[in-house]
Amino acid sequence: NLLWLIQHRYPGEKIIVWAASMHIARNITTIDTEIPGISYNDSNTMGQGVWNVLKDKMYSIAFTAYDGYFGTPFSLHRPLSPAIPNSLEGIFKSTNANFSFIDFKSIPDGHWLRRKLKARPLGHATMTSEWPLNFDAMFFIKTMYNNPKIEK
């Protein structure tokens, strides 16, 4: 559907799509979920399909947080345990910044951010990957808050 919109409804236009990180991820077979019995080896995502066609014309940004609350409009919000210190979120937190942004596309080959790192942009579960293979950037939020208007 997204490719059809890009190619037929809005050709030549820039389109911003807000979606869960899993939906915009690519190369997800490179992600070690670290969860027994859960693997992305047989999975495909919208992000992969769009990237296969658009390549560098696409720019995906994953969101992640160190601590706070998470949930959906259809479920109760739950506390998000603080991330482990050696994870990407732990490293972000050590800078004392409330928000950070990493443009993986601008990082040179061989940089430590291009190596396997623990992070949790997918369902707030700690996983390991070379994240620039999966996303073009990552946006960090130190403390993620729930929306009290949708709290049940």
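Quick rundown of the values:
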| quantity | calculated |
| --- | --- |
| Solvent-accessible ranking of Lys14, Lys118, largest area first, probe 1.4 Å | Lys14, Lys118 |
| Pairwise label distance in nanometres, Leu133 with Val17, each label 7 Å out on the Cα-Cβ vector | 2.2 nm |
| Residue among Arg78, Arg120, Arg26 with the largest mean-square fluctuation in a Gaussian network model of the chain, springs linking Cα atoms under 10 Å | Arg78 |
| For the chain, built as a Gaussian network whose Cα springs stay under 10 Å, the top-fluctuating residue of Ile16, Ile28, Ile107 | Ile16 |
| Rounded accessible area per residue of the chain, 1.4 Å, Å² | 63 Å² |
| Accessible-area composition of the chain, carbon plus sulfur, in percent [1.4 Å probe] | 57 percent |
| Long-range HN-HN contacts of Tyr69 with modeled amide H, under 5 Å | Leu80, Met144, Tyr145, Asn146 |
| Inter-label distance for Trp112 and Phe70, nm, one decimal - labels placed 7 Å from Cα along Cα-to-Cβ | 2.5 nm |
| Normalised per residue, the volume of the convex hull around the Cα set of segment 1-103 (Å³) | 162 Å³ |
| Label zone at Ser94, where the point sits 7 Å out along the Cα-to-Cβ direction: segment 33-75 residues whose backbone N lies under 17 Å | 66-67 |
| Förster radius 35 Å - calculated FRET efficiency between Asn52 and Phe101, Cβ distance, rounded to 0.05 | 0.85 |
| Point-charge dipole on Cβ atoms (K/R +1, D/E -1) for segment 24-151, about Cα centre, debye to 20 | 160 debye |
| Positive dipole terminus of segment 1-143, leading residue within Tyr40, Tyr66, Thr29 (C-beta point charges) | Tyr66 |
| Where labels lie 7 Å past Cα in the beta-carbon direction, separation of Asn1 and Tyr59 in nm | 2.5 nm |
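The values are calculated or read from the model by the stated rules, or taken from the named source; none is laboratory data. These numbers come from a predicted model, not from an experiment. Positions of Cβ are backbone-derived with ideal geometry, glycine not excepted, and every protein chain shown enters the neighbour counts. Only protein heavy atoms, including side chains, enter the accessible area calculation; ligands, DNA and RNA are left aside. Shrake-Rupley method; radii C 1.70, N 1.55, O 1.52, S 1.80 Å.
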